[in-house]
Amino acid sequence: MIVSKAQLQDYIVYVMSYPDIIHWTDGVSFLHIRSYSSGLINGTPSVVEGSTITLLAPEGAKLDGTPLTILQSLRDQRQVSGVDSTAVAAAQGDQAGIVTVTDGYVLGATNTSLVRLIQQLAGQEETKAPLLLFIASNITFSPASGDPEWPPGGVKIKRPTIWVGSSWRNTSLDFHMEVGQFVLEGAAANVTLVNLVLENLGYGDEISARDAEGKSLSRSHILWSFRYRRSQQRTVLWDTVMVLPEQIQVDNAAYWSDAFNSDLDFWKNQTAFMRDILGIQVEKYKR
(Lines give C-alpha, C1' and ligand atoms only; values in the text may rest on other atoms or scores of the structure.)
Protein backbone atom coordinates (compact mmCIF):
# COMPACT_ATOMS: atom_id res chain seq x y z
CA MET A 1 0.00 0.00 0.00
CA ILE A 2 1.36 3.43 -0.97
CA VAL A 3 1.12 6.05 1.78
CA SER A 4 2.55 9.48 2.47
CA LYS A 5 5.67 9.88 4.55
CA ALA A 6 3.60 11.34 7.39
CA GLN A 7 1.17 8.41 7.30
CA LEU A 8 4.06 5.98 7.37
CA GLN A 9 5.42 7.68 10.47
CA ASP A 10 2.03 7.34 12.16
CA TYR A 11 1.87 3.62 11.35
CA ILE A 12 5.42 3.09 12.62
CA VAL A 13 4.61 4.77 15.93
CA TYR A 14 1.48 2.63 16.21
CA VAL A 15 3.12 -0.75 15.60
CA MET A 16 6.06 0.11 17.86
CA SER A 17 3.61 0.60 20.69
CA TYR A 18 2.75 -3.12 20.44
CA PRO A 19 5.89 -5.23 21.10
CA ASP A 20 4.18 -8.40 19.82
CA ILE A 21 3.84 -7.05 16.28
CA ILE A 22 6.79 -8.38 14.27
CA HIS A 23 7.80 -5.73 11.77
CA TRP A 24 10.70 -4.19 9.87
CA THR A 25 11.16 -0.57 8.82
CA ASP A 26 13.82 1.90 7.75
CA GLY A 27 11.82 4.65 9.41
CA VAL A 28 11.29 6.72 6.25
CA SER A 29 10.26 4.68 3.20
CA PHE A 30 8.83 1.29 4.19
CA LEU A 31 7.11 -0.67 6.94
CA HIS A 32 6.64 -4.43 6.55
CA ILE A 33 4.45 -6.23 9.10
CA ARG A 34 4.60 -10.01 9.44
CA SER A 35 1.12 -10.30 10.95
CA TYR A 36 -1.33 -8.17 12.88
CA SER A 37 -4.38 -8.67 15.05
CA SER A 38 -6.01 -5.87 16.98
CA GLY A 39 -7.12 -8.37 19.67
CA LEU A 40 -9.95 -7.52 22.02
CA ILE A 41 -11.93 -4.32 21.82
CA ASN A 42 -14.11 -3.73 24.88
CA GLY A 43 -13.89 -7.43 25.63
CA THR A 44 -15.03 -8.46 22.15
CA PRO A 45 -12.68 -10.26 19.72
CA SER A 46 -11.68 -7.89 16.93
CA VAL A 47 -12.06 -8.87 13.27
CA VAL A 48 -9.19 -6.62 12.21
CA GLU A 49 -6.42 -9.05 11.25
CA GLY A 50 -3.81 -9.19 8.56
CA SER A 51 -0.56 -10.79 7.49
CA THR A 52 2.32 -9.75 5.23
CA ILE A 53 1.32 -6.11 5.22
CA THR A 54 3.61 -3.64 3.48
CA LEU A 55 3.38 0.14 3.50
CA LEU A 56 5.59 2.16 1.14
CA ALA A 57 6.24 5.90 1.24
CA PRO A 58 8.03 6.81 -2.01
CA GLU A 59 8.36 10.43 -0.92
CA GLY A 60 10.65 9.24 1.88
CA ALA A 61 12.73 7.01 -0.42
CA LYS A 62 16.06 7.71 -2.07
CA LEU A 63 17.78 6.44 -5.19
CA ASP A 64 21.57 6.55 -5.27
CA GLY A 65 21.38 8.79 -2.22
CA THR A 66 19.11 11.38 -3.85
CA PRO A 67 15.48 11.77 -2.71
CA LEU A 68 13.01 10.36 -5.22
CA THR A 69 10.96 13.54 -5.06
CA ILE A 70 13.92 15.56 -6.35
CA LEU A 71 14.75 13.07 -9.11
CA GLN A 72 11.12 12.97 -10.23
CA SER A 73 10.99 16.75 -10.42
CA LEU A 74 13.96 16.72 -12.82
CA ARG A 75 12.52 14.40 -15.45
CA ASP A 76 12.02 17.15 -18.01
CA GLN A 77 15.59 18.43 -17.68
CA ARG A 78 18.01 16.84 -20.09
CA GLN A 79 21.16 17.74 -18.17
CA VAL A 80 21.40 18.20 -14.43
CA SER A 81 24.77 18.87 -12.86
CA GLY A 82 25.77 16.22 -10.29
CA VAL A 83 22.75 13.99 -10.89
CA ASP A 84 22.91 10.70 -12.77
CA SER A 85 20.51 10.78 -15.73
CA THR A 86 19.97 7.03 -15.25
CA ALA A 87 18.71 7.68 -11.72
CA VAL A 88 16.39 10.40 -13.03
CA ALA A 89 14.93 7.94 -15.53
CA ALA A 90 14.58 5.17 -12.93
CA ALA A 91 12.81 7.55 -10.55
CA GLN A 92 9.92 7.88 -13.01
CA GLY A 93 8.92 4.28 -12.26
CA ASP A 94 7.35 1.61 -14.41
CA GLN A 95 4.35 2.00 -16.72
CA ALA A 96 2.13 2.48 -13.67
CA GLY A 97 4.51 5.07 -12.26
CA ILE A 98 5.70 2.78 -9.46
CA VAL A 99 9.40 2.90 -8.60
CA THR A 100 10.41 -0.70 -7.98
CA VAL A 101 14.01 -0.16 -6.88
CA THR A 102 15.10 2.37 -4.25
CA ASP A 103 17.91 2.53 -1.71
CA GLY A 104 15.52 1.13 0.92
CA TYR A 105 13.32 -1.38 -0.87
CA VAL A 106 13.08 -3.54 -3.97
CA LEU A 107 9.81 -4.76 -5.46
CA GLY A 108 9.81 -7.88 -7.60
CA ALA A 109 13.41 -9.15 -7.54
CA THR A 110 13.87 -12.15 -9.85
CA ASN A 111 16.38 -14.88 -10.60
CA THR A 112 18.15 -12.55 -13.03
CA SER A 113 18.18 -9.45 -10.84
CA LEU A 114 18.40 -10.43 -7.15
CA VAL A 115 22.18 -10.98 -6.91
CA ARG A 116 22.92 -7.80 -8.85
CA LEU A 117 20.57 -5.78 -6.63
CA ILE A 118 22.12 -7.15 -3.45
CA GLN A 119 25.56 -6.18 -4.72
CA GLN A 120 24.35 -2.74 -5.73
CA LEU A 121 22.25 -1.88 -2.68
CA ALA A 122 23.69 -3.94 0.17
CA GLY A 123 27.30 -4.62 -0.75
CA GLN A 124 28.84 -1.19 -1.19
CA GLU A 125 28.86 0.67 2.12
CA GLU A 126 28.21 -0.38 5.70
CA THR A 127 24.99 1.03 7.13
CA LYS A 128 22.43 0.19 9.79
CA ALA A 129 19.59 1.13 7.43
CA PRO A 130 17.69 -2.05 6.43
CA LEU A 131 16.97 -3.11 2.86
CA LEU A 132 13.63 -4.80 2.07
CA LEU A 133 13.79 -7.26 -0.84
CA PHE A 134 10.55 -8.63 -2.27
CA ILE A 135 11.31 -11.75 -4.28
CA ALA A 136 8.95 -12.39 -7.18
CA SER A 137 10.26 -15.70 -8.54
CA ASN A 138 12.15 -18.83 -7.57
CA ILE A 139 15.89 -18.16 -7.23
CA THR A 140 18.95 -20.38 -7.80
CA PHE A 141 22.30 -19.43 -6.27
CA SER A 142 25.00 -21.34 -8.17
CA PRO A 143 28.28 -19.45 -8.53
CA ALA A 144 30.14 -22.72 -9.18
CA SER A 145 28.27 -23.03 -12.46
CA GLY A 146 30.27 -20.10 -13.82
CA ASP A 147 27.65 -17.38 -13.43
CA PRO A 148 29.55 -14.13 -14.21
CA GLU A 149 27.41 -12.19 -11.72
CA TRP A 150 29.17 -13.87 -8.81
CA PRO A 151 32.34 -12.16 -7.59
CA PRO A 152 35.22 -14.29 -6.31
CA GLY A 153 34.73 -15.02 -2.62
CA GLY A 154 31.00 -14.40 -2.61
CA VAL A 155 28.54 -11.50 -2.63
CA LYS A 156 29.15 -9.10 0.23
CA ILE A 157 26.26 -7.95 2.43
CA LYS A 158 27.05 -4.91 4.59
CA ARG A 159 23.64 -3.93 5.94
CA PRO A 160 20.51 -5.55 7.42
CA THR A 161 18.50 -7.20 4.63
CA ILE A 162 14.99 -8.65 4.77
CA TRP A 163 14.23 -11.16 2.00
CA VAL A 164 10.47 -11.64 1.59
CA GLY A 165 8.73 -14.27 -0.53
CA SER A 166 5.09 -14.57 -1.53
CA SER A 167 2.55 -15.10 1.24
CA TRP A 168 0.20 -17.10 -1.00
CA ARG A 169 2.53 -19.41 -2.96
CA ASN A 170 5.89 -21.01 -2.29
CA THR A 171 8.93 -18.96 -3.24
CA SER A 172 12.04 -21.11 -3.40
CA LEU A 173 15.68 -20.23 -2.82
CA ASP A 174 17.79 -23.06 -4.27
CA PHE A 175 21.32 -22.96 -2.84
CA HIS A 176 22.57 -25.66 -5.23
CA MET A 177 24.39 -27.54 -2.43
CA GLU A 178 27.02 -24.81 -2.46
CA VAL A 179 28.35 -22.72 0.42
CA GLY A 180 29.71 -19.23 0.96
CA GLN A 181 27.65 -17.51 -1.71
CA PHE A 182 27.11 -14.54 0.61
CA VAL A 183 29.57 -12.91 3.01
CA LEU A 184 28.22 -10.81 5.87
CA GLU A 185 30.57 -7.93 6.68
CA GLY A 186 30.31 -5.16 9.24
CA ALA A 187 28.61 -4.94 12.61
CA ALA A 188 25.11 -4.33 11.22
CA ALA A 189 25.03 -6.94 8.45
CA ASN A 190 22.35 -9.61 8.85
CA VAL A 191 19.80 -11.54 6.81
CA THR A 192 16.14 -12.12 7.69
CA LEU A 193 14.23 -14.63 5.54
CA VAL A 194 10.43 -14.41 5.46
CA ASN A 195 7.90 -16.63 3.65
CA LEU A 196 10.52 -18.62 1.78
CA VAL A 197 11.43 -22.25 1.04
CA LEU A 198 15.15 -23.02 1.31
CA GLU A 199 16.29 -25.95 -0.81
CA ASN A 200 19.54 -27.81 -1.53
CA LEU A 201 21.30 -26.42 1.53
CA GLY A 202 24.97 -27.37 1.45
CA TYR A 203 27.25 -28.63 4.20
CA GLY A 204 30.00 -26.47 5.64
CA ASP A 205 33.44 -26.58 3.99
CA GLU A 206 36.98 -25.95 5.21
CA ILE A 207 36.44 -22.18 5.05
CA SER A 208 33.22 -22.51 7.05
CA ALA A 209 35.20 -24.31 9.75
CA ARG A 210 37.09 -21.10 10.53
CA ASP A 211 33.87 -19.43 11.70
CA ALA A 212 31.93 -22.49 12.91
CA GLU A 213 32.64 -21.83 16.61
CA GLY A 214 31.01 -25.05 17.82
CA LYS A 215 28.47 -25.44 15.03
CA SER A 216 28.49 -28.73 13.11
CA LEU A 217 29.59 -28.52 9.47
CA SER A 218 27.41 -31.55 8.73
CA ARG A 219 24.19 -29.74 9.70
CA SER A 220 23.03 -27.91 6.60
CA HIS A 221 20.31 -25.98 8.40
CA ILE A 222 23.09 -23.85 9.89
CA LEU A 223 22.89 -22.04 6.51
CA TRP A 224 26.52 -22.29 5.46
CA SER A 225 25.67 -20.36 2.28
CA PHE A 226 26.08 -17.27 4.48
CA ARG A 227 29.60 -16.71 5.79
CA TYR A 228 29.88 -15.12 9.26
CA ARG A 229 31.07 -16.03 12.74
CA ARG A 230 28.54 -18.45 14.19
CA SER A 231 28.84 -17.02 17.70
CA GLN A 232 26.95 -14.02 16.31
CA GLN A 233 23.22 -13.85 15.54
CA ARG A 234 23.17 -12.91 11.86
CA THR A 235 20.40 -14.99 10.23
CA VAL A 236 16.74 -15.08 11.29
CA LEU A 237 13.91 -17.07 9.71
CA TRP A 238 10.19 -16.29 9.88
CA ASP A 239 7.53 -18.52 8.28
CA THR A 240 10.30 -20.19 6.29
CA VAL A 241 10.73 -23.88 5.42
CA MET A 242 14.14 -25.55 5.22
CA VAL A 243 14.25 -28.71 3.08
CA LEU A 244 17.01 -30.81 4.66
CA PRO A 245 18.93 -33.30 2.49
CA GLU A 246 18.87 -36.20 4.96
CA GLN A 247 16.41 -37.57 7.52
CA ILE A 248 19.26 -37.86 10.03
CA GLN A 249 19.49 -34.07 10.08
CA VAL A 250 15.82 -33.79 10.97
CA ASP A 251 16.30 -36.38 13.72
CA ASN A 252 19.39 -34.58 14.96
CA ALA A 253 17.56 -31.25 15.18
CA ALA A 254 14.71 -32.89 17.10
CA TYR A 255 17.15 -34.63 19.47
CA TRP A 256 18.97 -31.47 20.47
CA SER A 257 15.77 -29.44 20.70
CA ASP A 258 14.32 -31.95 23.18
CA ALA A 259 17.58 -31.98 25.13
CA PHE A 260 17.81 -28.18 25.22
CA ASN A 261 14.27 -27.83 26.58
CA SER A 262 14.49 -30.69 29.10
CA ASP A 263 13.95 -29.94 32.81
CA LEU A 264 16.38 -32.69 33.83
CA ASP A 265 19.70 -31.57 35.28
CA PHE A 266 21.57 -34.08 33.12
CA TRP A 267 20.35 -32.54 29.88
CA LYS A 268 20.76 -29.00 31.20
CA ASN A 269 24.44 -29.81 31.74
CA GLN A 270 24.75 -31.52 28.34
CA THR A 271 23.31 -28.48 26.55
CA ALA A 272 25.05 -25.78 28.61
CA PHE A 273 27.41 -25.10 25.69
CA MET A 274 24.41 -24.18 23.52
CA ARG A 275 23.45 -21.43 25.95
CA ASP A 276 26.85 -20.30 27.19
CA ILE A 277 29.01 -20.64 24.07
CA LEU A 278 26.63 -20.58 21.11
CA GLY A 279 24.31 -18.04 22.74
CA ILE A 280 21.11 -19.92 21.88
CA GLN A 281 18.14 -18.61 23.87
CA VAL A 282 15.26 -20.48 22.21
CA GLU A 283 15.45 -23.86 20.47
CA LYS A 284 12.16 -25.29 19.25
CA TYR A 285 11.28 -28.14 16.95
CA LYS A 286 7.72 -28.80 15.81
CA ARG A 287 6.87 -32.32 14.69
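The values are calculated or read from the model by the stated rules, or taken from the named source; none is laboratory data. This one's a predicted model, so the numbers in the text were calculated from it and none came from an experiment. Positions of Cβ are backbone-derived with ideal geometry, glycine not excepted, and every protein chain shown enters the neighbour counts. Calculation scope for accessible area: heavy atoms of the full protein, side chains included, ligands and nucleic acids excluded. Shrake-Rupley method; radii C 1.70, N 1.55, O 1.52, S 1.80 Å.
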- Item | Longest DSSP-loop-exposure-free segment, chymotrypsin sites (Phe, Trp or Tyr not before Pro), the chain, at most 15 other Cβ within 10 Å | 1-167
- Round to the nearest 10 and give me the degree value, 0 to 90, for the angle of helix 5-16's Cα axis relative to the longest principal axis of the chain. 20
- Three principal axis extents, largest first, for the C-alpha atoms of the stretch 148-196, in Å? 34, 26, 17
- Item | Relative contact order for the stretch 172-287, counting Cα pairs under 8 Å that sit 6 or more residues apart, in percent | 26
- Scan around V155 for amide H atoms under 5 Å from its own, H built in the peptide plane at 1.01 Å from N, and keep only partners 5 or more places away or cross-chain. F182, V183
- Message: For the chain, take the longest principal axis of its alpha carbons; what is the angle in degrees between that and the long axis of helix 247-260, to the nearest 10 within 0 to 90?
- Response: 80
- Of the heavy-atom accessible surface of the stretch 162-272 (probe 1.4 angstrom), what whole percent is carbon and sulfur? 50
- Tell me which residues come under 5 Å, amide H to amide H, from T52 once H is placed; ignore anything under 5 positions away on its chain. S35
- Query: For G186, what charge total do you get from the other residues with a beta carbon under 14 Å from its beta carbon, if Lys and Arg give +1 and Asp and Glu give -1?
  - Reply: +4
- How much length is gained if the chain between D239 and A253 is pulled fully straight, taking 0.36 nm per residue apart and subtracting their Cα-Cα distance, in nm to one decimal? 3.3 nm
- Query: Expressed as a rounded percentage, what relative contact order does the chain have, with Cα pairs under 8 Å and six or more residues apart?
  - Reply: 10
- Query: Roughly what % of DSSP beta bridges within the stretch 86-219 run antiparallel, to the nearest 5?
  - Reply: 5
- Please state, as a whole number in µm²/s, the translational diffusion coefficient that the Stokes-Einstein equation yields for the stretch 152-280 at 20 °C and 1.002 mPa s, with Rh defined as the Kirkwood radius across alpha carbon pairs. 136
- Extension length gain for E246 and S73 (0.36 nm per residue less Cα distance), in nm, is 56.7 nm
- Which entries of K158/K284; K62/K128; K128/K156; K158/K215 show an alpha-carbon separation above 19 angstrom in the structure shown? K158/K284; K158/K215
- Separation of the N261 and T140 label points, Cα + 7 Å toward Cβ, nm: 3.7
- Which number do you get for Rg(Cα) / (2.2 N^0.38 Å) in the chain? 1.12
